[in-house]
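The values are calculated or read from the model by the stated rules, or taken from the named source; none is laboratory data. What you are looking at is a predicted structure, and each value in this text was computed from that prediction instead of being measured. Cβ placement follows ideal geometry from the backbone for every residue including glycine, while neighbour counts extend to all protein chains displayed.
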Amino acid sequence: MVSRRGFLKGGGLALFGIGLGGIPGFLADAVAGTVNSSLYRKRKILVCIFQRGAMDGLMAVTPFTDDFLKAARPGLFMSAAKGAVNEKPLIDLDGRFGLHPSMAAFEPMFREKRLGIVHGIGSPNNTRSHFDAQDFMESGTPFKKGTSSGWLNRAVGLLGHDAATPFQGVSLTSSLPRSFYGENQAVAIKNLADFNIQLRGNVAGAKMAAKSFEDLYDQASSDLLKNTGKESFDAIKMLQKTDVKNYKPENNVVYPTTALGNSLKQIAQLIKMDVGMEVAFAESGGWDTHFNQGKDTGVFARNVNDLSNCIMAFWNDLASYQDEVTVMTMTEFGRTVAQNGTGGTDHGRGSCNFILGNSVNGGLVHGIVNPLAKENLEDGRDLAVTTDFRSVFSEVADVHLGIENDKVLFPEFDGKKIGVMRG
């Protein structure tokens, strides 16, 4: 006999292993009936966005009063002073830090104290390898490469209840990200419209997907299928019957027609469908700015414009769901303080991240950024990591999701929180 928890964890995931084929007829019969919406009541939802490629935090949020930075970046430094010829000024946040002008969409949230920024954030592991740094950040164990699970998968397991839906952890990516690897429920959905689901890296899903649906059906008693499996099937039925292609965002919101915009739009749909999602993941690429980085125009300006506009479109679309949602960005490391010879910046250490939500201690640039004199730089070249990413990630998860076991969420970490969340 398949246990309730085992069936929900494995069976729900296996449903998605079929990819494009839809739900088999015998399972469609099993989900006949009215959806019990109470199973999918509003829960707190954490949305994480990974900026792959290493964002230049010193250009996104610039300590514009720092003369050392100005000298190190003669072709990249931006000022908050108005009136510069052919150049938009930084948005002065607090007299010291300036937000890149292409991120103007964030300014109202910062002023309303719903957007917080953490500067000097990064990993205690000083690798400058994209692959290794991303792996360490997503596993949440920066000095242990063999960790089998990701920190978001562990977060799902620490939520304190059995999943009644396969949508508890969802990644809007073509394959499951490292953050979601592990034993707990998580799925990757490239596009809601075609059900293109991948299960690579998810142990529970991989085990059950190997079984045919007929075998799975035969192992479960009719009572189990009707009374417990139906919870998972109902969620799929809700998704299948929703016209996701013609989704209309609230408040006349128009999402950017970019990969991130499309991902966040679909996450908004899942949130509004109340299918039980509690952790969501999306990606933003193109942050490896080794050459022609640009200032108020160029590749970096386009990237931060897309990031901020996509997040704000998502936020405004949520409307009555805003109290339930916190959005957090992350990037594997920052860029060098000095510009290089090709108008860009190379792999560095500290960067910054953004946290948006009604429980965020916003309107502040948290963290420590010392004057960027050479003696204060890590390895004599980089913005020092003064805030371990685990301090921020664990605080956001603790306060927003109600997770209390940091020893499981981030093994071998006992650092202090920095006050980026209220409560």
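Among the residues of segment 331-347, just one is surrounded by fewer than 22 Cβ atoms within 10 Å (Cβ to Cβ) and within 12 Å of MET55 (Cβ to Cβ), namely HIS347. Among residues of segment 76-100 being surrounded by fewer than 20 Cβ atoms within 10 Å (Cβ to Cβ) and in contact with a Lys or Arg (Cβ under 8 Å, 6 or more places away or on another chain), the one that is nearest to ASP135 (Cα to Cα) is PHE77.
In the set GLY419, GLY367, GLY402, only one residue is surrounded by 18 or more Cβ atoms within 10 Å (Cβ to Cβ), out of contact with any helix residue (DSSP H, G or I) (no Cβ under 7 Å at 6 or more places or on another chain) and on the phi > 0 side of the Ramachandran plot; that residue is GLY367. For segment 369-389, the set of residues classified as under 19 Å from ILE418 (Cβ atoms), assigned to a loop (DSSP other than H, G, I, E, B) and either out of contact with any strand residue (DSSP E or B) (no Cβ under 8 Å at 6 or more places or on another chain) or among the acidic types (Asp, Glu) (or both) consists of ASN370 only. Each residue in segment 235-252 was checked for being charged (D, E, K, R) and modelled with pLDDT under 90, and 4 pass. Of the residues making up segment 128-141, just one is without any contact (Cβ under 8 Å) to a residue 60 or more places away in the chain and in contact with a Phe, Trp or Tyr (Cβ under 7 Å, 6 or more places away or on another chain), namely SER139. Inside segment 277-318, residues that are modelled with pLDDT of 95 or more and within 20 Å of the chain's Cα centre (by Cα) make up a count of 29.
Quick grid of which residues meet (1) touching a strand residue (DSSP E or B) at 6+ places or on another chain (Cβ under 9 Å); (2) among the aromatic types (Phe, Trp, Tyr); (3) within 25 Å of VAL396 (Cα to Cα); (4) not in a strand (DSSP E or B):
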| site | (1), (2), (3), (4) |
| --- | --- |
| PHE68 | no, yes, no, yes |
| ALA71 | no, no, no, yes |
| GLU87 | no, no, no, yes |
| ASP94 | yes, no, yes, yes |
| PHE106 | yes, yes, yes, yes |
| LYS113 | yes, no, yes, yes |
| HIS119 | yes, no, yes, no |
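Right, MET59: modelled with pLDDT of 95 or more, in contact with a strand residue (DSSP E or B) (Cβ under 6 Å, 6 or more places away or on another chain) and not β-branched (Val, Ile, Thr) or not? For MET59, the condition - modelled with pLDDT of 95 or more, in contact with a strand residue (DSSP E or B) (Cβ under 6 Å, 6 or more places away or on another chain) and not β-branched (Val, Ile, Thr) - is not met.
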